[in-house]
Amino acid sequence: MQKPYLKPEDLAGLRPGVLDEAAIDVFTNGRCASMALALHKLTGWEVYSFVPLGCFYQDHRIPAHAVVDSPKGLLHAAGFITLKEWTTRHNLDSDNYRVCLDKLSYAEENLNLVMPFARAVLQKYFPGFSSNRP
């Protein structure tokens, strides 16, 4: 049996719905797929991953990142980001990475724990945003 991508203890010390530095760190440096999938579920925006060229599977040993394609640009917990900005921040060569459509089905378990944080991201970067989705 595969371990869940996100476990409740991964969020220990965070306050649900509070998008502070600690929450941003969790959802940009390790649990980005959960955030991207939660944002997708709330908005319907497509999910994309920054992955190395030639990588067609999820390998957690390889640096990768998940985002959604919002009307204002690629969005993650810390705001808007481009592939170039992400690779530069992680000292990676952007020429060796690509942006690809992703489903992130491996991040479904415990997604309900992420929803308050995803709503906080939407309120911060899309004030007044309202979703009829769960």
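The values are calculated or read from the model by the stated rules, or taken from the named source; none is laboratory data. Treat the numbers as computed from the prediction; the structure is a model and nothing was measured. Neighbour counts run over all protein chains shown; Cβ positions are idealised from the backbone, glycine included.
Can you say whether Tyr125 is in contact with a helix residue (DSSP H, G or I) (Cβ under 6 Å, 6 or more places away or on another chain), over 23 Å from Asp10 (Cα atoms) and of a type in the set (Phe, Trp, Tyr), as far as the supplied structure shows? Walk me through it before giving the result.
Values: in contact with a helix residue (DSSP H, G or I) (Cβ under 6 Å, 6 or more places away or on another chain): no; over 23 Å from Asp10 (Cα atoms): yes; of a type in the set (Phe, Trp, Tyr): yes.
Spelling it out, it is not the case that Tyr125 is in contact with a helix residue (DSSP H, G or I) (Cβ under 6 Å, 6 or more places away or on another chain), over 23 Å from Asp10 (Cα atoms) and of a type in the set (Phe, Trp, Tyr).
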Test for Val18: is it part of a loop (DSSP other than H, G, I, E, B) and either touching a strand residue (DSSP E or B) at 6+ places or on another chain (Cβ under 6 Å) or of a type in the set (A, V, I, L, M) (or both): yes
Test for Leu75: is it aliphatic (A, V, I, L, M) and more than 11 Å from the chain's Cα centre (by Cα): no
Qualifying residue in segment 47-56 (condition: aromatic (Phe, Trp, Tyr), surrounded by fewer than 19 Cβ atoms within 10 Å (Cβ to Cβ), at pLDDT 95 or above and part of a loop (DSSP other than H, G, I, E, B)): no
Test: residue in segment 63-83 that is surrounded by 13 or more Cβ atoms within 10 Å (Cβ to Cβ), closer than 25 Å to Ala120 by Cα, touching a Pro at 6+ places or on another chain (Cβ under 9 Å) and free of Cβ contacts under 8 Å to residues at least 60 places away in the same chain: yes
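The rows are residues; the columns are (1) of a type in the set (A, V, I, L, M, F, W, C); (2) under 22 Å from Lys3 (Cβ atoms).
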| residue | (1), (2) |
| --- | --- |
| Ile24 | yes, no |
| Asn29 | no, yes |
| Ala33 | yes, yes |
| Leu39 | yes, no |
| Val67 | yes, no |
| Leu104 | yes, yes |
| Asn110 | no, yes |
Long-range neighbours under 8 Å by Cβ, at least six apart or interchain, first residue in contact (Cβ under 8 Å) with a residue 60 or more places away in the chain and loosely packed, with under 12 Cβ neighbours inside 10 Å within segment 1-21, second of a type in the set (Ser, Thr, Tyr) and not in a loop (DSSP other than H, G, I, E, B): Gln2/Tyr106
Breaking point among (1) under 18 Å from Ser130 (Cα atoms); (2) at pLDDT below 95; (3) among the β-branched types (Val, Ile, Thr), for Val68: (2)
Complete set of residues in segment 89-110 that are outside any loop (DSSP other than H, G, I, E, B) and surrounded by fewer than 18 Cβ atoms within 10 Å (Cβ to Cβ): Arg89, Ser94, Asp95, Asn96, Arg98, Val99, Cys100, Leu101, Ser105, Tyr106
